[in-house]
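The values are calculated or read from the model by the stated rules, or taken from the named source; none is laboratory data. Just so it is clear, the structure is predicted and the values come from calculations on it, not from any experiment. FYI the Cβ positions are ideal-geometry reconstructions off the backbone, even for glycines, and counts take in every protein chain you see. Accessible surface areas use protein heavy atoms only, side chains included; no ligands, DNA or RNA. Shrake-Rupley method; radii C 1.70, N 1.55, O 1.52, S 1.80 Å.
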Amino acid sequence: MRRFLDRLYAASGALAAVCLASICVLMLAQAVGREFGLLIRAADDITAWLCAASAFLALGHTFRHGELVRVGLWLHQLQPRARWIAEIVALGITALFVGYMLWAASRFVYESWAFKEVAQGLIRVPIWIPQLSFVIGVLIFFIAVVDELVLVLQRKKPSYQVSEEARIAAGDFSEMA
């Protein structure tokens with residue numbers, strides 16, 4: 001199960017990176033195309049969809065690697081038992097919020113599908129298709145939060161703490177500035 005989850009987070013992060021690279025390629029193609037009088041139809045719409053996809057698909061991977069904003073300075077001041085309790089409370093609250101976000105996003109996309117909404121840009125695409133990246137990204141983020149909560153409940157170090165300790169051990173203090 002651990003291998004599957006780690007691959008899921010890595011694949012999600014890689015897909016987010018592909019979306020970012022696609023934005024770059026699309027924008028460069030659009031800029032070069034202008035010089036030759038070529039127009040890439042709906043480039044703005046596609047770029048917006050890729051931007052949203054890259055943001056949401058990266059959440060789980062980013063969270064697991066300790067790159068999301070946390071209150072680490074406060075947690076480091078606590079004794080081990082108090083820190084463990086604080087981690088459980090924080091991850092529990094986060095799981096509730098992200099679970100609600102997943103429910104709301106799923107409902108939103110379902111309604112777009114049910115009402116047969118179409119994108120209002122140049123390309124007539126059912127809008128639920130690009131919106132699906134929102135649901136998938138939040139789902140993976142929810143899985144990552146619950147995964148970390150289970151680890152902490154088992155009295156294991158959360159992966160974001162392991163990543164932070166590895167950065168400090170390597171002399172990388174960039175996250176502490």
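Figures for the structure shown
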| item | result |
| --- | --- |
| Residue, nearest to Ile140 (Cα to Cα), within the stretch 23-70, restricted to residues that are among the basic types (Lys, Arg) and touching a helix residue (DSSP H, G or I) at 6+ places or on another chain (Cβ under 8 Å) | Arg64 |
| Cross-chain or 6+ apart pairs with Cβ under 7 Å, the stretch 27-44 first and under 22 Å from Val125 (Cα atoms) and touching a residue at least 40 places away in the same chain (Cβ under 8 Å), then open to solvent by less than 50 Å² (accessible area, probe 1.4 Å) and assigned to a loop (DSSP other than H, G, I, E, B) | Ala42/Gly121 |
| Residue match in the stretch 91-104 (condition: farther than 30 Å from Arg155 by Cα and assigned to a helix (DSSP H, G or I)) | yes |
| Hey, Ile88 touching a helix residue (DSSP H, G or I) at 6+ places or on another chain (Cβ under 7 Å), more than 23 Å from Arg167 (Cα to Cα) and in contact (Cβ under 8 Å) with a residue 24 or more places away in the chain or not | yes |
| Tally of residues being in a helix (DSSP H, G or I) and among the acidic types (Asp, Glu) across the stretch 114-160 | 2 |
| Exclusive hit being touching a Phe, Trp or Tyr at 6+ places or on another chain (Cβ under 8 Å) and at pLDDT below 95, set Gly66, Gly37, Gly99 | Gly66 |
| Gly33 being under 22 Å from Pro130 (Cα atoms) and either open to solvent by less than 60 Å² (accessible area, probe 1.4 Å) or of a type in the set (Asp, Glu) (or both) | no |
| Qualifying residues in the stretch 95-141 (those that are closer than 20 Å to Leu59 by Cβ and among the hydroxyl-bearing types (Ser, Thr, Tyr)) - the one surrounded by the fewest Cβ atoms within 10 Å (Cβ to Cβ) | Tyr100 |
| Single residue of the stretch 77-90 satisfying the filter (assigned to a helix (DSSP H, G or I) and surrounded by 11 or more Cβ atoms within 10 Å (Cβ to Cβ)) that is nearest to the chain's Cα centre (by Cα) | Ala90 |
